[in-house]
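Below you'll find the structure, written out as structure tokens, and then a few comments.
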Amino acid sequence: MDDSIARDLWTVLEPLHAVTYFEPECLAANKEAGLKGFWMGYFGSRAAPLGAVPAGVVEATFFGFHPSRVRRAVPDAWRFASPERILGIRGAAAARALRRIVPGIERTAAEAAPVLRRAVEEADAAGRPLFGANRDLDVPDDPVEALWQAATALREHRGDGHVAVLTSEGLDGLTSNVLAAAVGAVTPDQMLLSRGWSREQWDDAADALAARGLVEGGTATGAGRSLKARVEERTDALAAPPYRAVDDPKALYDLLVPAAQAVADAGEMPYPNPIGLPRVGRA
């Protein structure tokens, strides 16, 4: 199996997971649970599998966000909604969103969810806290919710590995964002808005990357593009092992493409986006 299949599968699993951030059913569920505002909903719902952790844990595991953005939401989130309460509603809300958006999602989920669960069970949780926490949640009886949960666990597996690669290359959360913008994966304004850094902090990080020969005038140099490509290749390699438990990863990808396209076409998630996710087929 070529490691690049891990990237292909990410492009179809990430949209299924990401309904939890953008779709009205999920935003309403966070509000009904007691979480205040978008960012408390984001940090609270995504961190809930870890338990009522302090802000430092969320800052470290989520990566890329300004610490103050995290600390405005955590640990206050746990005063408004316990992790147990959040876990009781987040997957069900995502399943409602997927049922509304994706024609035939029931059939897709019935076929794909057990296959993805095998990949989840095959994956190594060492050094992957967000994956390990999501892996150990009970598997829902509802196949669409089970599909969402498996997609979520596998995207967090990839994300944990991505953070490890970035840090090994001497990139912190902010310089990782600046480099992503410099190669054109996302705009600086999107990253500043979504991740909470100031323009001055952004410019200082760009200067630090320029001193390494990675960025010049806001654009990645050849060395910067090579570094970014190496990061993505190593991320794919670290994300690939779970899919060796899948008999036919390409068939799984083909099965999930229509669902991922339907989510993209629903229009709530922007392209380009701070996640760095391309549209299906454009990775």
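Below, the figures for the structure above:
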read-out: Residues of type lysines that LYS228 reaches as a straight line, Cα spacing below 28 Å, ignoring anything fewer than 8 places off in the same chain; value: LYS250
read-out: Sequence-distant aspartates and glutamates (8 or more away, or on other chains) whose Cα lies within less than 19 Å of LYS31; value: GLU23, ASP76, GLU84, GLU268
read-out: VAL215 long-range amide H proximity, modeled H, under 5 Å; value: ALA210, THR221
read-out: Percentage relative contact order, the stretch 114-191, counting C-alpha pairs under 8 Å, at least six apart; value: 26
read-out: Inter-part distance where the stretch 231-245 and the stretch 257-283 are each reduced to a Cα centre, Å; value: 21
read-out: Given charges at Cβ of Lys, Arg, Asp, Glu: the stretch 213-283 dipole, positive-most of MET269, LEU238, ALA220; value: ALA220
read-out: Global form of the chain, assessed from the alpha-carbon gyration tensor, a/c cut-off 1.5; value: oblate
read-out: Check: the stretch 182-233 dipole with +1 on Lys, Arg Cβ and -1 on Asp, Glu Cβ, in debye; value: 180
read-out: Cβ-placed point charges (K, R +1; D, E -1), dipole of the stretch 4-51 about Cα centre in debye, nearest 20; value: 200
read-out: Kirkwood-type radius of the stretch 110-211, with distances r between different C-alpha atoms, in Å; value: 15.6
read-out: Within the stretch 1-106: Cβ-based charge dipole about Cα centre, in debye rounded to nearest 20 (Lys, Arg +1; Asp, Glu -1); value: 560
read-out: Options MET40, SER4, VAL19, ranked by Cα towards positive dipole end of the stretch 1-45, top entry (Cβ charges); value: MET40
read-out: Span-like helix ranges in the chain, DSSP H, alpha carbon extent 30 angstrom or more, Kyte mean at least -1.0; value: 143-168
read-out: Charge-dipole axis of the stretch 87-208 as Lys and Arg at +1 and Asp and Glu at -1 on Cβ define it, positive-most pick from VAL178, ALA206, LEU116; value: LEU116
read-out: Full-stretch length increase - MET1, ALA229 - with 0.36 nm per residue and alpha-carbon distance subtracted; value: 80.1 nm
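We did not get these values from a lab; they are worked out from the coordinates using the rules stated. Note that this is a predicted model, so its numbers are computed, not measured. So basically every Cβ, Gly included, is an ideal-geometry build from the backbone, and we count neighbours across all protein chains shown.
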